[in-house]
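Following: one structure in structure tokens, then a few remarks.
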Amino acid sequence: MKILVQKFGGTSVATQQRREMVCDKVIEAINKGYNPVVVVSAIGRKGDPYATDTLLSLIENKSTSNKREIDLLMCCGEIISAVVLSETFLKKGYKTVVLTGGQAGIITDNNFGNAEIKTVKTSKLIELLSKNIIPIVTGFQGMTENGDFTTLGRGGSDVTGAVLGDALKAEAIEIYTDVDGIMTADPRIVPDAKVIEKINYSEVFQFADQGAKVIHPRAVEYAMRGNVPLLIKNTMSNAKGTVISSEGYNKKLITGITHMPNRTQISIFFEDDEIDNNELFDLLADYGISIDLINIFPNYKVFTIDGSDSERVKYILDLKKFNYKMINNCSKIAAIGSGIRGVPGVMAKILKTLKDNEIKVLQTADSHTTIWCLVKEEDTVKAINALHKAFEL
Ligand code: ADP
Ligand code: MG
């Protein structure tokens, strides 16, 4: 059996016309001799009637409500989507069975809202596939050993697709969305961004981890673990898309640019370098606050946090009477490319480009595949476009 996992995002199932296109992609795979497993997200995007955010907005106080119940609520979006899509297949004469994440065998821990997948029991899926029935699996969800519904974190339908692809030893995992593939930058920010034809798992993981929404980083990890090729394609076009595998490789120095919005930079000053200032990091860890772009000097520490943690961190810093400076609304730009390893002058070129465009750099960092620059959020579009041009992407 040649199994193919095909995941369709929210915009791909948003209208009846698009659901017809989804069916066409699946039927095309069947005609090529594949046994497809379909994974769907909730219909539409923020603001649409059955989108995850809309469902969440029905609950007033998310902090006091039970996380278990919120997960149950969020799971409804994908259930609606899968059932509506199954009707389109039925009309075309194809047999489908809709499965929740749990029914499809995805067993998770009970960390509601961001559950971790423990095991995948594939027997139900295999049974359906061997009868030539198309399983339509609700993305973004799993089930605990006790039968509670859980969700896998935002963008989690990609994770469902990838984990099933790995567990079923699929020929490939296709992620269908509203763009022609992984691009050199978000086309909403850089209108002339180009599709990257081939890319390797680790580069795309960096892209995803550093804010490119097009694929979930955990999905890349699962595909990589199983060495299953991952393809990003457009439901609404016949473009070839992006092939992600262990071999994909890019000749350019920089493969692409992405960013993480809503970062807050915190600088803390110490008068006496004898102070045990690790206390601060212990406190942040105790409060579950993750930090990055960390630079430590004897009298000075600087790092960034997610903007949603700003208030809590401010509370901790005031409570402990730290001398600090906080800059809200920052954006962490990442220039990614395995080609930068050991090449001198890349950082210099980035800094010069930003300076020439009058963009103030608040902080930088680098690894062997990525260079980060922290800028003010209002400079994001200008910075990404300038770098995209400078590196001839
Ligand atoms: P879906 O609902 O199909 O999962 P997402 O909104 O999660 O779709 O992801 C697709 C979107 O990701 C695109 O519409 C695009 O704006 C955005 N995106 C961000 N960075 C990139 C990139 N480098 N390449 C392609 N798309 C990107
Ligand atoms: Mg997505």
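Between 0 and 90 degrees, rounded to the nearest ten: what's the tilt of helix 156-167 against the longest Cα principal axis of the chain?
60 degrees
Along its three principal axes, how long is the chain when you only count alpha carbons? Whole Å, largest extent first please.
73, 49, 34
Would you calculate the convex hull of the Cα atoms in the range 114-259 and tell me its volume per residue in Å³?
Details: hull volume 17.5 nm³, N = 146.
About 120 Å³ per residue, rounded to a whole number.
Which distance in Å, rounded to a whole number, links the C-alpha centroids of the range 205-231 and the range 305-329?
Answer, in whole Å: 32.
Might you report the magnitude of the Cβ-based charge dipole of the chain about its Cα centre, with Lys and Arg at +1 and Asp and Glu at -1, to the nearest 20 debye? List each step's numbers first, then the result.
Numbers: 46 positive and 48 negative charges, 296 e Å.
Charge dipole of the chain: 1420 debye, to the nearest 20.
Convert 37 °C to kelvin, take the viscosity as 0.692 mPa s, use the Kirkwood radius over C-alpha pairs of the range 179-319 as Rh, and evaluate the Stokes-Einstein diffusion coefficient in µm²/s, rounded to a whole number.
Details: Rh = 17.7 Å.
Estimated diffusion coefficient is 185 µm²/s.
Quick check on the range 21-146: take the gyration tensor over C-alpha atoms, sort the square-rooted eigenvalues as a ≥ b ≥ c, and tell me if it's rounded (a/c under 1.5), prolate or oblate. Present the calculation step by step, with values, prior to reporting the outcome.
Values: a/c = 3.01, a/b = 1.50, b/c = 2.00.
Oblate.
Please name whichever of Leu56, Cys23, Ile215 sits farthest to the positive end of the charge dipole of the range 3-245, dipole taken about the Cα centre and charges placed at Cβ: Lys and Arg +1, Asp and Glu -1.
Cys23
What are the GluC sites (Glu not before Pro) within the range 200-283 that DSSP puts in a loop, where the Cβ has at most 13 other Cβ atoms within 10 Å?
Details: sites: Glu203, Glu221, Glu247, Glu271, Glu274, Glu279; in loops: Glu247, Glu271, Glu274.
For GluC sites (Glu not before Pro) across the range 200-283 that sit outside H, G, I, E and B with at most 13 neighbouring Cβ atoms in 10 Å, the list reads Glu247, Glu271, Glu274.
Need the list of aspartates and glutamates near Lys91 for cross-linking: C-alpha distance under 18 angstrom, and skip anything on the same chain fewer than eight residues off.
Answer for Lys91, where 18 Å is the Cα cut-off: Glu20, Asp24, Glu28, listed by chain and number.
Students often get this wrong, so check it: of Lys169/Lys251; Lys194/Lys389; Lys213/Lys251; Lys25/Lys92, which have C-alpha atoms separated by over 19 Å? It would help to have the intermediate numbers written out before the result.
Values: Lys169/Lys251 30 Å; Lys194/Lys389 12 Å; Lys213/Lys251 24 Å; Lys25/Lys92 13 Å.
Pairs exceeding 19 Å: Lys169/Lys251; Lys213/Lys251.
In vacuum, with every alpha carbon of the range 1-92 counted as one equal point scatterer, what does the Debye formula give for log10 I(q)/I(0) at q = 0.10, 0.14, 0.21 Å⁻¹? Two decimals, please.
Normalising to I(0) and taking log10 leaves -0.32, -0.56, -0.96.
Report, in degrees rounded to the nearest 10, the 0 to 90 angle that the Cα long axis of helix 217-226 makes with the longest principal axis of the chain.
On a 0 to 90 degree scale, this one is about 60.
Please give the FRET efficiency for Thr119 paired with Phe281, using the beta carbon to beta carbon distance and R0 = 25 Å, rounded to the nearest 0.05. Mind dumping the intermediate values first?
On the way: r = 35 Å, r/R0 = 1.38.
It comes to 0.10.
Under unit Cβ charges (Lys, Arg +1; Asp, Glu -1), what dipole magnitude, rounded to 20 debye, does the range 256-390 have relative to its Cα centre?
Its charge dipole is roughly 820 debye.
Pairing the Cα long axis of helix 380-390 with the longest principal axis of the chain, what angle in degrees results, from 0 to 90 and rounded to the nearest 10?
Computed tilt is about 90 degrees.
Testing the spin-label approximation: label points 7 Å from Cα along Cα→Cβ at Asp24 and Lys252. State their distance in nm.
With each label point 7 Å from Cα toward Cβ, the separation is 3.0 nm.
How large is the Kirkwood hydrodynamic radius of the range 256-390, counting all unique pairs of alpha carbons, in Å? Let's see the in-between values first.
Numbers: mean 1/r = 0.0629 Å⁻¹.
Evaluated on the range 256-390, it is 15.9 Å.
Quick check: the distance between the Cα centres of the range 58-97 and the range 1-32, to the nearest angstrom?
18 Å
Every read-out reported here was derived from the displayed coordinates using simple, explicitly stated rules and does not represent laboratory data. Here the structure is a predicted model, which means the values were calculated and not measured. Virtual Cβ from ideal backbone geometry, glycine too; neighbours counted across all protein chains shown.
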